[in-house]
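Undergrad: I have a structure here, written as structure tokens, and I will follow up with some questions on it.
Here, each number is a calculation from the coordinates, and none is a lab measurement. What you are looking at is a predicted structure, and each value in this text was computed from that prediction instead of being measured.
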Amino acid sequence: MKTRYGAIVALILIAQLSFADNMSQVKTLNPESLPAPFMNRYSHGKVVPANAEWLYTAGQTGRDVDGRIGDGIEEQADFVMRNLYNIVKEAGMTPDDVVKMTMYYLDPADLPLIVAARNKYFGEHFQPASTAVGIAALANPNYVLEVELIAARVQSSN
């Protein structure tokens, strides 16, 4: 009887863990009723389950650890993305946990350089929900870019 009871309990636990694992993942939304994401570089939406731990970053600008502002868009973009990556890492998260990224930049022609820096730190297949906004100015006239992100790590139900 104990063996049968133990087997039943084990099967129930396996089923619960499997169900919880399937239900606890961030879901990507790219409905067929919308245009496909441009160059497959972002997602239209992300659904985060209730048991997630959230990270919201402040907007990061093109400054290095010593506060020096980068020379031009390439160096500033590198500083911005490295800073964001380091915040994500410090939170114990990975690029896969990033669900939203918002980029504010001065010159639309810089977008390919910004994306290249993003890919350097977050990977070629990085696809958070994403917004890119061309603006007239940032808080410091020497900044050409500011980026913020939101990440969510799903807590294990074990």
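Undergrad: Pop out the ³J(HN,Hα) list for the range 75-85 in order, Karplus 6.51 cos²θ - 1.76 cosθ + 1.60 with θ = phi - 60°, rounded to Hz; leave Gly and Pro as x.
TA: Rounded to whole hertz, the list is 6, 5, 4, 4, 4, 4, 5, 5, 4, 5, 4.
Undergrad: List every residue whose amide H lies under 5 Å from the amide H of Met93, counting only residues 5 or more places away in sequence or on a different chain, with H placed 1.01 Å from N in the peptide plane.
TA: Amide H neighbours of Met93, under 5 Å, 5+ apart: none.
Undergrad: Show me, for the range 63-74, the HN-Hα J-couplings you get by feeding each phi into the Karplus relation (A = 6.51, B = -1.76, C = 1.60, θ = phi - 60°), rounded to Hz, glycine and proline as x.
TA: Those phi angles translate into 10, 8, 4, 8, x, 6, 7, x, 8, x, 5, 4 Hz.
Undergrad: Right, something else. Taking amide H atoms as placed 1.01 Å from N in the peptide plane, list the residues 5 or more away in sequence, or in a different chain, whose amide H sits under 5 Å from that of Leu145.
TA: Long-range HN contacts for Leu145: Gly62.
Undergrad: Quick query: amide H of Ala129 versus all other amide H atoms, modeled in the peptide plane; which residues come in under 5 Å with a sequence gap of 5 or more or a different chain?
TA: Ser43, Lys100, Met101
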